[in-house]
Amino acid sequence: MINFLKNLFSSKKDEANNRVSSFNEQQEKEEDVEFIDHGVKTVDLGKIIGSVGKYYDFDSQFRPKRHIAGKRFVDIKQAMRDGKYLPPVKLYQIRNDYYVLDGNHRVAAAKELGRFDIQAKVIELLSAKKTMENLLYIEKNKFYEKTGLPEKIDLTEVGKYNFLEKQIKNHKNHLTNISGNETTLKKAAEDWYNTIYTPLITIITNGQLIKYFPKRSVADLYTYIAYHHWERTSNRRYGIGIDRLIPRSMEAFRVAMLEKSTPDYPEMKRTIKTFLLINTNTSTEMKVINKLFSLDEVREVHSVHGAIDILVKVVLKRDFLASDAEIIAEFVDLQIRRINGINRTQTIIPGISKVKEGFMTFP
């Protein structure tokens, strides 16, 4: 009898805990908030952790519980498999987490089908509480908004994103001086990320320095080394030969990294060629084609007949650290899938290529 009661109460407790997070519970902790409308954007499904009003209807993995997993859910999954248009879901955002206001079944279906992201209309709740978490989040958002960089730089201290922004501005001035043409901050940020930040991150990673700083990120170590090596020019030893690998000038380091061609530092100027097969809505096809063609990385766009609607040739720069597949996936996620009207994409990476000299392309 005791075991029966124990199992009875533990199962009820487990059932209560086996649900997605409640938006209302989290909102109460934020106190005064400012609402910011971000419009429609692509959201990582892994960051959708809760629901506004139906958090008890889904388990902790956002799977619908038995009493609601009916015909509607099955129909939505089938529509997604068939590539049919479904309206964007509506989400509330609190820092890096998202909560479903409308579209719980669509989110659950996308997760079950193994999708990575979903189109969503996002309203962000920006908390007025002066906590370290909120201050760091605001500083981080401003940094990414100004620089346009991918959100891969994870810092844990307030003020460090401002340090990186200052570094990028100095690099912008350097690029302007050597080229004679004014460089935009976003172009300078892209060059800094590929030729300075990522190579130094590679050196830190290869040296396994992070294992000595378990509560810090690799980006934290970058800012620490960059500050003491290029700002204060301190005589410090990092134990893995970093002091010998890094010139005392940030720009000299960039030049040195661009010249590297060993297995540890692959040639950064190498390009990646890929083809994208895109399905789109008939009514928006020309708008999609024009937006695709405006991207610097897109070399050719073709409207075709058959199972796909648009064929795109893309040439990307090889990243210093990431694999070709990661570079392509990031470009598709951040640049292609955010274009309204695109329903599905498929990526083809060529193996062996032969191109005839003087080959002409036709409209």
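General remarks:
- Annotation: of all residues in the range 193-217 being in contact (Cβ under 8 Å) with a residue 60 or more places away in the chain and among the aliphatic types (A, V, I, L, M), the one that is most open to solvent (accessible area, probe 1.4 Å) is ILE201.
- Candidate set from the range 47-62 (those that are modelled with pLDDT of 75 or more and open to solvent by 50 Å² or more (accessible area, probe 1.4 Å)); member that is farthest from ILE118 (Cα to Cα): ILE49
- Residues within the range 94-117 that are among the polar types (S, T, N, Q) and within 16 Å of HIS38 (Cα to Cα), tallied: 1
- The range 71-83 - residue that is without any contact (Cβ under 8 Å) to a residue 60 or more places away in the chain and within 20 Å of VAL40 (Cβ to Cβ) and, of those, surrounded by the most Cβ atoms within 10 Å (Cβ to Cβ): ILE76
- Pairs with Cβ under 7 Å, 6+ apart, first in the range 174-191 and under 10 Å from LEU149 (Cα atoms), second among the β-branched types (Val, Ile, Thr) and modelled with pLDDT of 90 or more: LYS186/THR147; ALA189/THR147; ALA189/ILE168
- If you go through the range 122-164 and keep only what is farther than 23 Å from GLN335 by Cβ and small (Gly, Ala, Ser), you end up with SER127, ALA128, GLY159.
- Of the helices (runs of 4 or more DSSP H) that lie entirely inside the range 91-192, those containing 3 or more residues that are over 29 Å from ILE339 (Cα atoms) and open to solvent by less than 60 Å² (accessible area, probe 1.4 Å) span 160-179.
- Top-ranked residue in the range 325-343 [being over 17 Å from VAL40 (Cβ atoms) and surrounded by 12 or more Cβ atoms within 10 Å (Cβ to Cβ); ranked as modelled with the lowest pLDDT]: ALA325
The values are calculated or read from the model by the stated rules, or taken from the named source; none is laboratory data. Treat the numbers as computed from the prediction; the structure is a model and nothing was measured. Note: ideal-geometry Cβ built from the backbone for every residue, glycine included; neighbour counts use all protein chains shown. Heads up: the accessible areas ignore ligands, DNA and RNA and are worked out on the full protein's heavy atoms, side chains in. Shrake-Rupley method; radii C 1.70, N 1.55, O 1.52, S 1.80 Å.
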